[in-house]
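Throughout, read-outs are computed from the coordinates displayed, never taken from laboratory work. Everything quoted here is computed from the prediction, not taken from an experiment. Virtual Cβ from ideal backbone geometry, glycine too; neighbours counted across all protein chains shown.
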Amino acid sequence: MAEREHEREREDVREHVRVAVIGSGFGGLGAAVRLRREGITDFVVLERAGAVGGTWRDNDYPGCACDVPSHLYSFSFAPNPEWPRNFSGQAHIRAYLERVTDTFGLRPHLRFDSEVLGMRWNGEALHWEISTASGALTADVVVSATGPLSDPKIPDVPGLDGFPGKVFHSSRWDHGYDLRGKRVAMIGTGASAIQIVPSIQPVVGRLALFQRTPAWVLPRADRRITGAERWLHTKVPATRTMRRGLLWGIRELQVSAFTKRPKELGLIEFLAKGHIRKAIKDPMLRAKLTPDYRIGCKRILLSNDYYPALAQPNVDVVAAGLKEVRGNVLVGSDGSETEADAIVFGTGFHVTDMPIARRVTGVHGTTLAEEWKDGMEALRGASAAGFPNFLTIIGPNTGLGNSSMILIIESQLNYMADFVRQLDTLGGGGKIALDARPSAVHAWSHGVQRRMERTVWNTGCDSWYLDANGRNTTVWPGTTAEFRKVTRRIDLAEYEVLRPPHRTEGRRGATVVGAGAGVGTGAAV
Ligand code: NAP
């Protein structure tokens, strides 16, 4: 009894906010700016680390840069005329996000060291109960912007625990460890590895690159943005808008080759093979590095110094996956043995098994991860059925194969803004919640999967776009313009409107008001 009293007391003092945003990368900061612009100031941004920046804070490995031009890879509402290069480095992007935080007055909303440990939907109060590393709170709406590239994935390699040397992941670089003169094994050939390899090759003793699958790599049209250009972009804002527009338009025109006519990408393969030939003279090595799948099936990588680095005498390309570790010997899946002092894993992230999903419990008492056991799906990339007032930024099938994720994030922010507006309008001062109808979620997901059949991502390669069942639950199979259009507004017919239960009726469930339809009763919580 006393415990229940105590529990009630604790609930009374628990902080309540209108919106809790999880994560302070591009998605979380963008959400914070957008909420303020909507006139909402009663919100917090929960961040597990001690600084903003998300993936651009965590990934500070040597050579880390963005392979999307900076004038496109930035918020439309926070242009930066001072970008130093076409493809800016991590330090510049991180500094940009710090500036956005200051410029838009986001600091008072930030809660650092506040990792979300768990959250549960309360169907009577129509809010989320959130437990974080810095305390508990409740929120009417949760915007999950944890991103797909937040939790590193290290393969379960037998014997790794017994490796006597240094081991770290690309996104958790140990800057205290001196690589000079060491025998380093780099595992993986994704976007991270191809930036790391040329940066560390000149300083390490020997570099062994474990390549399970070769990547298609195209030249990177990088250059310094001149002082004159920067002056022009500052003094005549229309010039930077035009620059962004051009970068966007070119990529929009490329989309149909990825989504409808993968055969057209054959021409790009021709260019990519020329890129290999130019740097790699040894035919054996060239053969190892030449992919045998359609370009674009895995993400196309951009680099001018990756192949030249692989041609250096202190580099060995082991054309195999890492299968086992025996002491300081790395055994490849081809049976090869390589001694190493350090292992760097460039093996990617938990993308299709979003870690936050295990911590979110919805109306049926199940977690989002349980609901998604057969694959992630969310209405318009944002709303999962049974998880009312919960929106994901960079949710299922919102990724891009060839353009800037910031465009997608901004579309999802439009959707979020309309969602919150609808809660106000329909609630009329009282509390309500919107829960995506399962039929709407399935119809959306089915439509996306049907379109996926024709895409280059379904042409037979294995990639991080695909989940454990081989389903592409990560990429948006259309243009960014189309995504903008379909996320401009909430379609209320796709949601159930939940209202607080009438206590006098002695029910625990929320009342469900069908949008524009009849009135029914919702599932008990
Ligand atoms: P990734 O693209 O998921 O690549 C992981 C790599 O690890 C793959 O080459 C994979 O081989 C390999 N791998 C996994 N297990 C292995 C094993 N046991 N032995 C050998 N190789 C193994 O990871 P990432 O490079 O860190 O990139 C992650 C994400 O960040 C991607 O979305 C990427 O585009 C993004 N990123 C973007 C930029 C940018 O410039 N915008 C820069 C860096 C990263 P398989 O190919 O055979 O699976």
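Just a few scattered comments:
- Across the alpha-carbon set of the chain, the Rg to Rh ratio works out to 0.99, Rh being the Kirkwood radius.
- Shown here: region 171-247, whose C-alpha atoms stretch 51, 30, 21 Å along the first, second and third principal axes, sorted largest to smallest.
- Most to least packed among 456-462, 301-307 [average Cβ atoms within 10 Å]: 301-307, 456-462
- Rounded if a/c under 1.5, otherwise prolate or oblate - region 147-213, Cα gyration tensor axes: rounded
- Taking the longest Cα principal axis of the chain as reference, the axis of helix 26-37 is set at about 40 degrees.
- Overall dimensions of region 384-505 as given by Cα atoms, namely Rg and Dmax in Å: 16.6, 59
- Applying a 4.7 Å cutoff between beta carbons, the unpaired cysteines of the chain are Cys64, Cys66.
- Relative contact order %, region 107-184, counting alpha carbon pairs below 8 Å whose residues are six or more apart: 16 percent
- Region 32-115: Rg to Rh, with Rh as the Kirkwood radius over Cα pairs: 0.99
- Calculated mean residue ellipticity at 222 nm for the chain: -9500 deg cm²/dmol, from DSSP H runs with n ≥ 4 weighted as -39500 (n - 2.57), summed, divided by the residue count and rounded to 500.
- Eligible aspartates and glutamates near Lys263 by straight Cα distance, threshold 20 Å, same-chain separation 8 or greater: Glu252, Asp292, Glu453, Asp462
- Cross-link check: pairs Lys166/Lys278; Lys182/Lys288; Lys182/Lys298; Lys166/Lys273; Lys373/Lys431; Lys153/Lys260 evaluated at a Cα-Cα cut-off of 28 Å; pairs beyond the cut-off: Lys166/Lys278; Lys182/Lys298; Lys166/Lys273; Lys373/Lys431; Lys153/Lys260.
- Overall form of region 219-351 per C-alpha gyration tensor (a/c, 1.5; a/b vs b/c): prolate
- Relative intensity, log₁₀ I(q)/I(0), of region 286-354 from a Debye sum that treats every alpha carbon as a point, q = 0.17, 0.19, 0.26 Å⁻¹: -0.92, -1.11, -1.31
- In region 83-205, a dipole from Cβ-located charges (positive for Lys and Arg, negative for Asp and Glu) runs towards its positive end, and of Gln195, Ala133, Leu117 it is Gln195 whose Cα lies farthest in that direction.
- Cα-Cα P(r), region 70-193, percent of pairs per 5 Å interval: 2, 7, 11, 13, 14, 14, 14, 12, 8, 4, 1, 0, 0
- Mean Cβ neighbour count within 10 Å, used as a protection proxy, ranking 45-58, 75-88 highest first: 45-58, 75-88
- Euclidean distance of C-alpha centroids, region 263-308 and region 181-197, integer Å: 18 Å
- Each Cα pair under 8 Å and six or more residues apart adds its separation to the average, and for the chain the resulting relative contact order is 18 percent.
- Relative contact order, percent, region 78-149 [alpha-carbon distance under 8 Å, six or more residues apart]: 17 percent
- Rounded, prolate or oblate (a/c below 1.5 giving rounded, otherwise prolate when a/b exceeds b/c) for region 35-80 by Cα gyration tensor: oblate
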